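First the structure, in the form of structure tokens, and then the observations on it.
The values are calculated or read from the model by the stated rules, or taken from the named source; none is laboratory data. From a predicted model like this one, the values you see are computed outputs, not experimental measurements. Glycine also receives a Cβ, built like all others from the backbone with ideal geometry; neighbour counts cover every protein chain displayed.
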Amino acid sequence: MKGKVAVAVLAVVLAAAMLPGQIFAQAPDTVIVPNIIDNNPVGAINKFILGDTTATGERVNPNRVYKLERGKIYFFDSAMEVYFDLKLIADPDDPDNPTPPPILAPGILPDGSSPGTLIKMMKGNGCFKNLYFTGVRPDEKPPGWVSCIQLRGDSARYVFKNCVFDAFGGTAVRNYANWTKTYIYDCEFRNMIHPTGWFGGSCYLSSPVPTDTIVMVNNTEFNCGSYLYVPNREINRYSRIEHNTVFTTHVNVFYAPYVSNVTYANNILYSVCTMGQRDVEIEGGWFDWDGEISGIVSIDTIPPDIASREGITEADRRVWFLNNEYFWPQKVKDFWASADTLTPPVWINNRTQAMLNDKEHWPNFKVEGNIEADPGFNDEMMTVVDSLLKYCRLLRTGQQQDYRHYYDPDHDLFAVQWPLPEDLTYSNTSLMTAGTDGLPLGDLNWYPDKKAEWLTAVKEEGQLKVLPEGYELSQNYPNPFNPTTWIHYRVAKAERVKIGIYNMRGQLVKMLVDKVVEPGLHTVKWDGTDASGARVASGVYIYRMEAGNFSASKPLIMLK
């Protein structure tokens, strides 16, 4: 009987994560954003959203959802500086009647200029869904160092879902803020190219500031210049880079030396760092910060000042590269060979290999199940590689001026072809079941039936719990841990919060928080002791948060 009670208690603890919470004092509503105001389309979106305030300057409804209409174009007259929670969405597409998403684009001002950034999230959380962002003006003038969205709110949470980022010569999502959480799902980054700045055209790039969470799952980077994922030379507490397809880059695909808890899994990395590297670029740290040859798997020891600040050792770090595919076609290898000054990139560089081999200091580094194999993309996609190589040759011989290898079959840079014209399905059947989950490698959106299988699986495993906006319980860091771990949590309003540690019998081990806290992000430390101060045994524990009607639970692992 006692065992049954313990199991029941544990089931309650685990199920609590699914309970809804009452979050907002004012109910959310949805408004349609006009794309023309006073017969002028340029700046209408800025005016409407920024002007949605009361006479005293407060937001009419802080929980408002702003909906854009499919098939319409929204021009910005300046970077829209946002100091509030912004939810900007559109309806999903109708597969029986495909209609382009709403297009968000830089407008042309009276002096002929255009904004260099579309949105600056200065404060507050952001949610962007079913949108098409372009850096191209209606006169088809291609962009230079233009960015789409800047993240500037410390400890804010940003979600991008099913968006397209097209032809930004700078960066699509650019982070400048501390301890942000960024989630990017089902997005495509395409034609992100700068004419002469071949490190331009990245997907997610952070300044060297500490970041909390970066999740990129089921995305495609197609025909772009630069990185998919850059937490840069600062600590990142948790990242998950999974089921992404990267089809050609000029330079590195990752720049993440000091990640502490990251999984790279089930990605396709095709012809990345196609430019190759000259000796002066290697020695100068252009691609790798430490004079190493550019490697897809490339990490480094965390600097002592950062490690001390975070209370982390090298043995605490967990870095996994699992079941990824990488490949460089022969025509790219021939390009490197034709210029004896170029060094090809590698799968894993010497510094990282030495760390991987040293299990005493880095016991949680794992590089397994990765394969070098040709996915077998179709002939049309191979013409994109030809255009890329033309660009590389022009740059390497000093002849490049304004050639850009856009994939644009209708020869109209501003017009959106919908559905998108590229096709990154592949013919190599061995990759169709090569994932850690038995599913195809790469972005599963290219295989909708397999995406449906994946969604079913992760829902059954409880990985897609939808948390009420404003309340959040993060995974502890580091995990596994010894002797200390940190737990981050967020509340939407001032109220009593309880966070307790439970053993697998459902018994309370220690209460970490039991007090009224202010709205915002908070952190609590557990030192691996029980209520009496005694060290607990190694094993799996559950930590549970309760705040009003919200509750959530997560597992953590104590190692000795």
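Can you pull out the residues in the stretch 427-460 that are within 24 Å of the chain's Cα centre (by Cα) and outside any helix (DSSP H, G or I)?
Passing the criteria: Ala434, Gly435, Thr436, Asp437, Gly438, Leu439, Pro440, Leu441, Gly442, Asp443, Tyr447.
If Pro143 meets every condition in (1) in a loop (DSSP other than H, G, I, E, B); (2) in contact with a strand residue (DSSP E or B) (Cβ under 9 Å, 6 or more places away or on another chain); (3) in the same structural domain as Trp418 (by TED's automatic domain parsing) apart from one, which number is that one?
Of the numbered conditions (1) in a loop (DSSP other than H, G, I, E, B); (2) in contact with a strand residue (DSSP E or B) (Cβ under 9 Å, 6 or more places away or on another chain); (3) in the same structural domain as Trp418 (by TED's automatic domain parsing), the odd one out for Pro143 is (3).
Can you run down the residue pairs with Cβ atoms below 7 Å, 6 or more apart or on separate chains, where the first is in the stretch 368-379 and in a loop (DSSP other than H, G, I, E, B) and the partner is among the charged types (D, E, K, R) and exposed (fewer than 15 other Cβ atoms within 10 Å of the Cβ)?
Asn378/Asp423
A quick yes/no check of all residues on (1) of a type in the set (S, T, N, Q); (2) in contact with a strand residue (DSSP E or B) (Cβ under 6 Å, 6 or more places away or on another chain):
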| site | (1), (2) |
| --- | --- |
| Thr99 | yes, no |
| Ile103 | no, yes |
| Leu118 | no, yes |
| Met121 | no, yes |
| Gly126 | no, yes |
| Gly135 | no, no |
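What are the residues in the stretch 201-220 that are within 23 Å of Leu473 (Cα to Cα) and surrounded by fewer than 24 Cβ atoms within 10 Å (Cβ to Cβ), if any?
The answer is Val209, Pro210, Asp212, Thr213, Val215, Val217.
So Val246 passes all but one of these: (1) crowded, with 16+ Cβ neighbours inside 10 Å; (2) outside any loop (DSSP other than H, G, I, E, B); (3) touching a residue at least 40 places away in the same chain (Cβ under 8 Å). Which condition number does it fail?
The one condition Val246 does not meet is (3).
Could you identify the single residue in Asp408, Asp374 that is under 30 Å from Phe75 (Cα atoms), charged (D, E, K, R) and surrounded by 12 or more Cβ atoms within 10 Å (Cβ to Cβ)? Let's see the steps before the verdict.
Details: Asp374 fails: under 30 Å from Phe75 (Cα atoms).
The conditions single out Asp408.
Test Leu104 against the criterion of being assigned to a loop (DSSP other than H, G, I, E, B) and either among the aliphatic types (A, V, I, L, M) or in the same structural domain as Ser207 (by TED's automatic domain parsing) (or both), and give yes or no.
Values: assigned to a loop (DSSP other than H, G, I, E, B): no; either among the aliphatic types (A, V, I, L, M) or in the same structural domain as Ser207 (by TED's automatic domain parsing) (or both): yes.
Judged against the criteria, Leu104 is not a match.
Just to be sure, is Val540 surrounded by 17 or more Cβ atoms within 10 Å (Cβ to Cβ) and over 29 Å from Asp154 (Cα atoms)?
Working: surrounded by 17 or more Cβ atoms within 10 Å (Cβ to Cβ): no; over 29 Å from Asp154 (Cα atoms): yes.
No.
Can you pull out every residue in the stretch 410-453 that is over 30 Å from Pro142 (Cβ atoms) and touching a residue at least 24 places away in the same chain (Cβ under 8 Å)?
First, the residues of the stretch 410-453 that are over 30 Å from Pro142 (Cβ atoms): 427-441, 444, 447-453.
Answer for the stretch 410-453, where residues must be over 30 Å from Pro142 (Cβ atoms) and touching a residue at least 24 places away in the same chain (Cβ under 8 Å): Ser427, Asn428, Ser430, Leu431, Ala434, Gly435, Thr436, Asp437, Leu439, Leu441, Leu444, Lys451.
Any chance the stretch 160-172 includes a residue that's within 16 Å of Val230 (Cα to Cα), assigned to a strand (DSSP E or B) and either outside the structural domain of Val491 (by TED's automatic domain parsing) or charged (D, E, K, R) (or both)?
yes
Take the residues in the stretch 255-302 that are assigned to a helix (DSSP H, G or I) and touching a residue at least 40 places away in the same chain (Cβ under 8 Å), then tell me which one is farthest from Tyr229 (Cα to Cα). Show your work before the answer.
So the first thing to find is which residues in the stretch 255-302 are assigned to a helix (DSSP H, G or I), and the list is 279-283.
Then drop every residue that is not touching a residue at least 40 places away in the same chain (Cβ under 8 Å), which leaves 279, 282.
Numbers: Asp279: 25, Ile282: 20 Å.
For the stretch 255-302, the residue satisfying everything is Asp279.
For the stretch 493-560, which strands (runs of 3 or more DSSP E) that fit wholly inside it have 1 or more residues that are touching a His at 6+ places or on another chain (Cβ under 7 Å) and within 19 Å of Gln475 (Cβ to Cβ)?
In the stretch 493-560, 520-526 are the strands (runs of 3 or more DSSP E) which contain 1 or more residues that are touching a His at 6+ places or on another chain (Cβ under 7 Å) and within 19 Å of Gln475 (Cβ to Cβ).
Looking at the stretch 119-127, can you tell me whether even one residue there is surrounded by 19 or more Cβ atoms within 10 Å (Cβ to Cβ), at pLDDT 95 or above, of a type in the set (Gly, Ala, Ser) and more than 21 Å from Arg237 (Cβ to Cβ)? Explain how you work it out, then say what you get.
Narrowing the stretch 119-127 to residues surrounded by 19 or more Cβ atoms within 10 Å (Cβ to Cβ): 119-121, 125-126.
Cutting the leftovers down to at pLDDT 95 or above gives us 119-121, 125-126.
Filter once more, keeping what is of a type in the set (Gly, Ala, Ser): 126.
Then keep just the ones that are more than 21 Å from Arg237 (Cβ to Cβ); that gives none.
Taking every residue of the stretch 119-127 in turn, none turns out to be surrounded by 19 or more Cβ atoms within 10 Å (Cβ to Cβ), at pLDDT 95 or above, of a type in the set (Gly, Ala, Ser) and more than 21 Å from Arg237 (Cβ to Cβ).
Name the one entry in Phe199, Phe189 that is under 21 Å from Trp328 (Cβ atoms), in a strand (DSSP E or B) and of a type in the set (Phe, Trp, Tyr).
Answer to the selection: Phe189.
Can Asp154 be described as of a type outside the set (A, V, I, L, M) and either within 28 Å of Trp446 (Cα to Cα) or assigned by TED's automatic domain parsing to the domain that holds Ser202 (or both)?
Working: of a type outside the set (A, V, I, L, M): yes; either within 28 Å of Trp446 (Cα to Cα) or assigned by TED's automatic domain parsing to the domain that holds Ser202 (or both): no.
When the stated conditions are applied, Asp154 does not pass them.
Give the residue that is surrounded by the fewest Cβ atoms within 10 Å (Cβ to Cβ), with candidates limited to residues of the stretch 29-63 that are among the aliphatic types (A, V, I, L, M), more than 29 Å from the chain's Cα centre (by Cα) and part of a strand (DSSP E or B).
Ile37
Which residues, taken from the stretch 488-515, are of a type in the set (A, V, I, L, M), surrounded by 19 or more Cβ atoms within 10 Å (Cβ to Cβ) and modelled with pLDDT under 90?
The answer is Val491, Ala492.
Of these, Pro95, Pro110, which one is modelled with pLDDT of 95 or more and out of contact with any Gly (no Cβ under 8 Å at 6 or more places or on another chain)? Explain how you work it out, then say what you get.
Working: Pro95 fails: modelled with pLDDT of 95 or more.
None of the other options fit; the residue is Pro110.
Considering the stretch 384-432 alone, what residues qualify as being polar (S, T, N, Q) and over 18 Å from Tyr132 (Cα atoms)? Walk me through how you get there before you give the answer.
Restricting attention to the stretch 384-432, the residues satisfying the condition of being polar (S, T, N, Q) are 387, 397, 399-401, 417, 425, 427-430.
Answer for the stretch 384-432, where residues must be polar (S, T, N, Q) and over 18 Å from Tyr132 (Cα atoms): Ser387, Thr397, Gln399, Gln400, Gln401, Thr425, Ser427, Asn428, Thr429, Ser430.
If we scan the stretch 308-316, do we find a residue that is basic (Lys, Arg) and either more than 30 Å from Lys525 (Cβ to Cβ) or buried (at least 16 other Cβ atoms within 10 Å of the Cβ) (or both)? Quick ask: steps written out before the conclusion?
Residues of the stretch 308-316 basic (Lys, Arg): 309.
Retained after the next criterion (residues that are either more than 30 Å from Lys525 (Cβ to Cβ) or buried (at least 16 other Cβ atoms within 10 Å of the Cβ) (or both)): none.
Scanning the stretch 308-316 turns up no residue that is basic (Lys, Arg) and either more than 30 Å from Lys525 (Cβ to Cβ) or buried (at least 16 other Cβ atoms within 10 Å of the Cβ) (or both).
Among the listed residues Asn236, Asn252, Asn191, Asn223, which satisfies the condition of being farther than 26 Å from Leu395 by Cβ and either in contact with a strand residue (DSSP E or B) (Cβ under 9 Å, 6 or more places away or on another chain) or touching a residue at least 60 places away in the same chain (Cβ under 8 Å) (or both)? First the steps, then the outcome.
On the way: Asn252 fails: farther than 26 Å from Leu395 by Cβ; Asn191 fails: farther than 26 Å from Leu395 by Cβ; Asn223 fails: farther than 26 Å from Leu395 by Cβ.
Step by step, each of Asn236, Asn252, Asn191, Asn223 is checked, and only Asn236 is farther than 26 Å from Leu395 by Cβ and either in contact with a strand residue (DSSP E or B) (Cβ under 9 Å, 6 or more places away or on another chain) or touching a residue at least 60 places away in the same chain (Cβ under 8 Å) (or both).
Residues being at positive phi and not acidic (Asp, Glu): count how many of those fall in the stretch 28-60. Before the answer, list the steps.
First, pick out the residues of the stretch 28-60 that are at positive phi: 38-39, 43, 57.
Going one step further and asking which of them are not acidic (Asp, Glu), we end up with 39, 43, 57.
Residues flagged as at positive phi and not acidic (Asp, Glu) within the stretch 28-60 amount to 3.
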